[in-house]
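Below is one structure, written out as structure tokens; the observations come after it.
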Amino acid sequence: MPKAIQKSGDHVIEVQDIAKIYKVGTEDVYALQGVSFHIDRGEFVAIMGASGSGKSTLMNIFGCLDYPTKGDYFLDGIHINTLDRNGLAQIRSQKIGFVFQGFNLLARTSALENVILPLLYDRTARHSDPNQKAVNALYELGLSDRMHHVPSQLSGGQQQRVAIARALVNDPAIILADEPTGNLDSRTSIEVISVFQHLNDKGITVILVTHEADIAAYAKRIIELKDGLVIRDEVQTPILGQAI
């Protein structure tokens, strides 16, 4: 991996005039049109926008799954534009905890084995006891009595908690949650969003992607996109979820 350019400061994410342009025939289509903002450590931010607003493109860039066509992206002080594909993969494994709408758990593998998986691919040897690290993450999420259950033996909310534990286990710079309540009923959605609030209260940076205003209401800040532009960026007093 080439040596990345480092940038100091409290911004865990900083995007500077980033654009993403796709070729459709002979036309240039702008998915993002010069977006600039930063997210500080310890924030809980909801990224909102309708289909086609650019939020999925932005999330792919945040998650180091794609590069901006123009502009600069810094994650935890690292200039992501300077990294090759191997560098991006390394940053994803070390700096980002992903939580998806579909849970993405291995069906025949226990909760504990699902959570420990990212540690098995971590070549930095940061964790001397990966098994205990995974156990601790499941305890944190209230799943100490479910760690040996496979996903089919867990409720939807419990499966999403396992996915959150898996995202946490590598001590990432950010938790990036893409529509994490999309497959859950209203009651379970509140349970899961309360988990994110609990983690944020402990200082973990959470970035939540959602098209649901009632879910975004639990975040402390909303950034809304439309036609590839930021049309709203405001701090709010969040709705408080339930204790976990």
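Values in this text are rule-based calculations from the coordinates and carry no lab data. This is a predicted model, so every value here is computed, not measured. Note: ideal-geometry Cβ built from the backbone for every residue, glycine included; neighbour counts use all protein chains shown.
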Completion exercise
If one compares the long axis through the Cα atoms of helix 85-95 with the longest principal axis of the Cα atoms of the chain, the angle in degrees, nearest 10, works out at 50 degrees
Exercise for the section: Treating only the Cβ atoms of Lys and Arg (+1) and Asp and Glu (-1) as charged, compute the dipole magnitude of the chain about its Cα centre; round to the nearest 20 debye. Expected result: 560 debye
Handout entry: Order by protection proxy (mean Cβ within 10 Å, highest first), peptides 97-107, 168-178
Key = 168-178, 97-107
Exercise for the section: With everything on Cα atoms, drop me the angle between helix 186-201 and the longest principal axis of the chain, reported from 0 to 90° to the nearest 10. Expected result: 80 degrees
Completion exercise
Counting only DSSP beta bridges with both partners in the chain, the antiparallel fraction in percent, to the nearest 5, comes to 60 percent
Fill in the blank from the handout: Relative to the chain, whose Cα atoms define the longest principal axis, helix 111-120 and its Cα axis are tilted in degrees, nearest 10, by 50 degrees
Exercise for the section: Report, in deg cm²/dmol and to the nearest 500, the calculated mean residue ellipticity at 222 nm for the chain, where each DSSP H run with n ≥ 4 adds -39500 (n - 2.57) and the sum is divided by the residue count. Expected result: -9000 deg cm²/dmol
Handout entry: Equivalent ellipsoid semi-axes - Cα gyration tensor, the range 132-244, angstrom
Key = 26, 15, 13
Practice task
Using the structure shown, list the pairs from Lys20/Lys226; Lys23/Lys70; Lys70/Lys220; Lys55/Lys95 with a Cα-Cα distance above 18 Å, or answer none.
Solution key: Lys70/Lys220; Lys55/Lys95
